[in-house]
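Read-outs: derived from the displayed coordinates by stated rules, not from any lab. A quick note: this is a predicted structure, and the numbers were derived from the prediction, not measured. Cβ sites come from the backbone with ideal geometry, for glycine too, and all protein chains shown count toward neighbours.
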C-alpha cells in the first residue's frame, strides 16, 4: 500500500516543535521508529522530544545511549507538552496502548499524526499514514526518508534496522519480502552492523531467563488436535527464578516450533495480577480478531491483550476464544 507522504512533508515544513510517542511497553520497532524519525526531523532543524507512556525495557536500553526517551510520569507537570506544534504517534493507533499519554493527547491542541502498520485502530483525531501490509513501522520511517530524499544517519540506520529485524522475527516471519531485504541492505550501507545488533538484542540474556524458560516451557499445553499450543507464567515464577517479565519475550514463539501447531499464546501474570497475553499465528487464523475481543489488538499473525486476573480464569476465557477461532467460529 503506497502512502502519500506529501501532507506530512507540509506539516513538517510548517511547524517547529515535535513530540514523538509510542505504545506502552515499547518494543524495538516502537523505539527504533521514534529514534529514527527524531534523527530525520532534527536534521531538518526541528526541535524534537520523545515521550512515551512507559519505560523502555532494560534489554533495549542500548538503543538509547543518549537518554532521549522519557515518560509521561517524568514530566514536570501535565502542561509541560503544551505549545507543542505536532504530536506524532508511531507503531500504534489505539487509545488503549497510549495509557496516561492518551489523556494528554486528548487535551492537546497540537496537530496529531499517526505512522503505523497495525490492523487494530481507533480514531485518535490524527492524520494517519498507515500501511497494514508493512512489516514494521521502521519500514515506514525508511520510506518517508527516501521519499523526501533525506539521508539516514548511521545511528538512525542502527535503530531502524533493529525495528525491522525484530518485527520480522529476524526476517523469518511471512511479512518479510524481497523489498524488506533491499531496505535492510540500504540500512547496512548507512551504518547498521547486523552481527553487533544481533548480539545486543538476543545474546545478553541472564541465567535467570534460562531458568524461567525451562520452567515455563515444561508445562506447554496443546488443544485442537495439536494445532494450538499455550502456556502461562505465574508471578511466582519470576520470584522463584529471579527473572523479570521482559524475560518472557519470544517464549510464545517457541510454542510454534512444535510440528503441527498453527497458533499459540502465552499468558503472563503481572505484579498487579493483570494478565498480559501474546498471540501468534502461522495459519489463516486471525489472532488480532481474538485479541480485540479482550480490548487488545495487533496484526493478523501477532497480537496482544491485557485481561484482569485471576490467571486461571483469564486463560480459560482466552482458550475458549482461540479454540473458536481455530475451529472457524465467528468472534463472540
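Structural remarks
- Cα-based helix-to-principal-axis angle, 28-43 vs the chain, degrees rounded to 10: 0
- Only helices enter this figure: runs of n ≥ 4 DSSP H residues, each worth -39500 (n - 2.57), summed and divided by the residues of the chain, yield -11500 deg cm²/dmol at 222 nm to the nearest 500.
- Each residue of region 269-332 gets 71 Å³ once the volume of the Cα convex hull is shared out per residue.
- Degrees between helix 154-167 axis and first principal axis of the chain (Cα, 0 to 90, nearest 10): 30
- Annotation: Cα Rg of the chain relative to the compact-globule expectation 2.2 N^0.38 Å equals 0.99.
- Solution diffusion estimate, µm²/s, Stokes-Einstein, region 118-227, Kirkwood Rh from C-alpha pairs, 25 °C, viscosity 0.890 mPa s: 149
- By the equivalent-ellipsoid construction on the alpha carbon gyration tensor, region 236-297 comes out with semi-axes of 23, 16, 7 Å, ordered largest to smallest.
- If you wrap the tightest convex hull around every Cα atom of region 44-84 and split its volume per residue, you get 91 Å³.
- D (Stokes-Einstein, µm²/s), Kirkwood Cα radius, region 208-326, 1.306 mPa s at 10 °C: 114
- Value of relative contact order over region 6-202, rounded to a whole percent, pairs C-alpha under 8 Å and six or more apart: 23
- Using alpha-carbon coordinates, inclination of helix 207-217 to the longest axis of the chain, degrees: 50
- Among 87-96, 186-195, the order from most to least packed when residues are scored by Cβ within 10 Å on average: 87-96, 186-195
- Euclidean distance of C-alpha centroids, region 247-323 and region 83-127, integer Å: 25
- Peptides ranked, highest mean first, by Cβ atoms within 10 Å: ranges 155-167, 224-236, 14-26, 69-81: 155-167, 14-26, 224-236, 69-81
- Where N is the number of residues in region 37-179, Cα Rg divided by 2.2 N^0.38 Å: 1.06
- Each DSSP beta bridge with both residues in the chain is either parallel or antiparallel, and the antiparallel ones are about 40%.
- Taking the chain and dividing mean pair separation by its residue count, relative contact order in percent (alpha carbons under 8 Å, at least six apart): 13
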